[in-house]
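To keep things clear, I will list the structure first and then write my remarks on it.
No value in this document is a laboratory result; all are computed from the given coordinates. It should be emphasised that the depicted structure is a prediction, and the values quoted were computed from it without experimental measurement. Note that each Cβ is placed from the backbone with ideal geometry, even for glycine, and that neighbours are counted across all protein chains shown.
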Amino acid sequence: MRFLLLPALLLLASAAQADDCLIELKADDAMKFDKTEVSVAASCKSIEIKLTHTGKLPAASMGHNVVVVESANVQAVGQDGMKAGAAANFVGADDKRVIAHTSVVGGGASTSVKFPGSALKAGGDYSFFCSFPGHWAVMKGKLVVK
Ligand code: CO
């Protein structure tokens, strides 16, 4: 039994480690993310965000993306993103406050983005939010670096 258990435990341990660098979010037609807090390990070389829109509404009316910023910048980046428009995925061109962002997707679609772990510092105050017009105020959560 011992000989079977040990490889199983090692597999579980390595799976958990990989997950620390992957942020998986779902968003729906009710303008909500399924999580209000996500976390990544400070040791991540690369971080991946995967967003799945589980709703049915099109991107033009209920589009969602994931934008990562320092928490203090959510409102300003959200407002500037609205001005940037749909073709820019509601993210201002060359906005240095944007640490990472996905494209905007509609119901049934998914998207992802990878960015270097070095973009985040342990103990920093980061948030993720959707920059689709009007969404940033409710579609947001904390990104904790552990
Ligand atoms: Co949204």
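Descriptive notes on the structure:
- Shape annotation for the range 97-146: C-alpha extents along the principal axes are 33, 23, 19 Å, from largest to smallest.
- On Cα atoms only, tilt of 2-19 relative to the major axis of the chain in degrees: 20
- Residue (of THR111, ILE99, GLY123) at the positive-pole extreme of the chain, dipole from beta-carbon charges: GLY123
- With a simple spin-label model that places each label point 7 Å from the Cα along the Cα-to-Cβ direction, the separation between SER71 and LYS32 comes to 2.2 nm.
- Angle between the chain longest axis and helix 74-84 axis [Cα atoms, degrees, rounded to 10]: 60
- Summary value for the chain: 30 percent relative contact order, contacts being C-alpha pairs under 8 angstrom separated by 6+ residues.
- DSSP-defined beta bridges in the chain - what % are antiparallel, rounded to 5: 65
- Annotation for GLN79 and SER43: the two label points, set 7 Å from Cα along the Cα-Cβ direction, are 4.2 nm apart.
- Over the chain, the Kirkwood radius and the radius of gyration, each from Cα atoms, give a ratio Rg/Rh of 1.05.
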